[in-house]
Amino acid sequence: MWQIPWISFILLILASYRLTRLIVFDQITSFIRRPFLEEKFQQDESGFVVATIEEKGGRFHAFMRDLLTCYWCVGVWSSVAITLAYLLIPSIAFPVILILAIAGAAGILESFVRG
């Protein structure tokens, strides 16, 4: 049975968190979501940017749209991918996991600073 050191476990959690947010929310990965939905960003009266989503296509598009916009769904698959990469190809995966974990921790800290 595999034993994962606690620090690696924390890195895996943070990396999975960041990868999930990257897929579901970030503008840089909008090209993945674009075939299945149209995201429009508008500023409301108080100055906050609000996203609206227009649906595209039929059943397959609806399935993919649900999959790509469901934070919990993407979180499961991100966790699976990150963990398998860590266990099967650690020399390649670890630098990526470390970068995602640092970015995830920075994002969490930023949310506390913005309050």
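The values are calculated or read from the model by the stated rules, or taken from the named source; none is laboratory data. All of these numbers come straight from a predicted model, not from anything done at the bench. Quick reminder, even Gly has a Cβ in these numbers, built from the backbone with ideal geometry, and neighbours come from all protein chains shown. Please note that ligands, DNA and RNA were not included when accessible areas were found on the heavy atoms of the full protein model with its side chains. Shrake-Rupley method; radii C 1.70, N 1.55, O 1.52, S 1.80 Å.
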| task | Mind pulling the angle between the C-alpha long axis of helix 59-69 and the longest principal axis of the chain? Nearest 10 degrees, somewhere in 0 to 90. | result | 60
| note | Given Cβ charges of +1 for Lys and Arg and -1 for Asp and Glu, the option among Phe41, Ser30, Ile4 whose Cα lies farthest towards the positive end of the dipole of the stretch 1-59 is Ile4
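Arrange the residues Leu12, Leu84, Leu67 by how much accessible surface each exposes, largest first, with a 1.4 angstrom probe.
Most to least solvent-accessible, the answer reads Leu84, Leu67, Leu12.
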| said: From the helices alone, meaning DSSP H stretches of at least four residues, give me the mean residue ellipticity at 222 nm for the chain, per-run term -39500 (n - 2.57), in deg cm²/dmol to the nearest 500. | reply: -22000 deg cm²/dmol
| field | the chain, relative contact order [Cα under 8 Å, separation at least 6], % | value | 37
| message | How large is the accessible surface of Glu55 in square angstrom, using a 1.4 angstrom probe and rounding to the nearest 10? | response | 140
| How far, in degrees from 0 to 90, does helix 6-24 lean away from the longest principal axis of the Cα atoms of the chain, to the nearest 10? | 20
| said: Can you compute the charge dipole magnitude of the chain about its Cα centre, using +1 on each Lys and Arg Cβ and -1 on each Asp and Glu Cβ, nothing else charged? Give it in debye, rounded to the nearest 20. | reply: 300
| note | Mean-square fluctuation maximum in Gaussian network of the chain, Cα pairs under 10 Å, restricted to Val74, Val96, Val24, hits Val96
| request: Answer with one residue from Val50, Ser91, Leu68: the one whose Cα lies farthest towards the positive end of the charge dipole of the chain, charges on Cβ with Lys, Arg +1 and Asp, Glu -1. | output: Ser91
| query | What are the radius of gyration and Dmax of the chain, computed over its Cα atoms and given in Å? | reply | 16.5, 55
| If Lys and Arg each add +1 and Asp and Glu each add -1, what is the summed charge of the other residues whose beta carbon sits under 14 Å from the beta carbon of Ala101? | +2
| query | Cα axis of helix 71-88 to longest principal axis of the chain: angle in degrees, 0 to 90, nearest 10? | reply | 30
